[in-house]
Amino acid sequence: MQRKRRGLRKTEKKAPPPTEFEQPKKRKPFTVFLVEDDQEVRATLVESLQAHKLEVRDYMTAMEFYRDYREAVPGVLILDLRLPGMTGLELQEKLAGDKFNLPIVMISGHADVPMAVRAMKNGAFDFLCKPVRVEELADAVARAYGYFYEVDEDLYADELEETEESINRLTGRERQVLDMVVDGLSSREIAAELDVSTKTVEAHRARINDKMRADNVAHLIRMCFAYREQQEG
């Protein structure tokens, strides 16, 4: 005969309350400015963002956006690095010179990662690798919203703590490789610096991604930039 076991019911962990961004009716004014020269890609991204109840203004070229954005508006700029005419980096520099404090999320191909790292060093808020997934884009906009309105002081504390724990799990060589990745070096360049094969560097990078729980190189670099900023602050 089985006895009833009392007091052993496992309490379920409550989900965190929805953030301000996740509740469209409670959001402060916030516009997504999208600059992408590929018409099909741009249309897809606009539709995806509008599905999240976001206001979107889209442009084909950097100059088209620059001529239109003459008065600071709360929002985020989703900007392709490679554009006809004025490049994404050039637009970033112009906006900085004009003192427009607008969070910028760069979009780049894997071959442009060093340029994306340079953009982040110059003040870009984030970057995403192509092809851009809708979930990644929405998360980037949510982070930019929190950054713009300074409502994220404690929101990412746990993520930063996890990043520190992950970094501490790396070996000395893996930490060395990670620093070079975050500085924008390719696997071939890292191999030359360390006098090892590219295959060895790729093996290190695979273990780093696993230990850091990084979805891709953009996610990895974003975590490290956030961690460095916290350490320097």
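The values are calculated or read from the model by the stated rules, or taken from the named source; none is laboratory data. Values in this document were obtained by computation on a predicted structure and should not be read as measured data. No Cβ is skipped: glycine too gets one built from the backbone with ideal geometry, and neighbour counts run over all protein chains shown.
Descriptive notes on the structure:
- Residues (aromatic (Phe, Trp, Tyr) and in contact with a Pro (Cβ under 8 Å, 6 or more places away or on another chain)) located in region 38-96: none
- Scanning region 162-176 for residues that are modelled with pLDDT of 95 or more and β-branched (Val, Ile, Thr) yields a single hit, Thr171.
- Some residue of region 190-212 being among the aliphatic types (A, V, I, L, M), under 19 Å from the mean Cα position of the chain (by Cα) and either closer than 30 Å to Val32 by Cβ or assigned to a helix (DSSP H, G or I) (or both): yes
- Test: residue in region 109-125 that is free of Cβ contacts under 8 Å to residues at least 60 places away in the same chain, surrounded by 15 or more Cβ atoms within 10 Å (Cβ to Cβ) and out of contact with any helix residue (DSSP H, G or I) (no Cβ under 8 Å at 6 or more places or on another chain): yes
- Taking the listed residues Leu137, Leu220, the one that is assigned to a helix (DSSP H, G or I) and closer than 20 Å to Lys121 by Cβ is Leu220, with no other qualifying.
- Restricting region 115-129 to residues that are touching a Ser or Thr at 6+ places or on another chain (Cβ under 7 Å) and either in a strand (DSSP E or B) or over 20 Å from Phe65 (Cα atoms) (or both), the residue that is modelled with the lowest pLDDT: Met115
- Filter result for Thr19 (on the phi < 0 side of the Ramachandran plot, of a type in the set (S, T, N, Q), surrounded by 10 or more Cβ atoms within 10 Å (Cβ to Cβ) and modelled with pLDDT of 95 or more): no
- Where Arg133 falls short, out of the listed (1) closer than 23 Å to Arg82 by Cα; (2) surrounded by fewer than 19 Cβ atoms within 10 Å (Cβ to Cβ); (3) outside the structural domain of Val73 (by TED's automatic domain parsing): (3)
- Some residue of region 203-217 being surrounded by 17 or more Cβ atoms within 10 Å (Cβ to Cβ), of a type in the set (A, V, I, L, M) and over 21 Å from Val117 (Cα atoms): no
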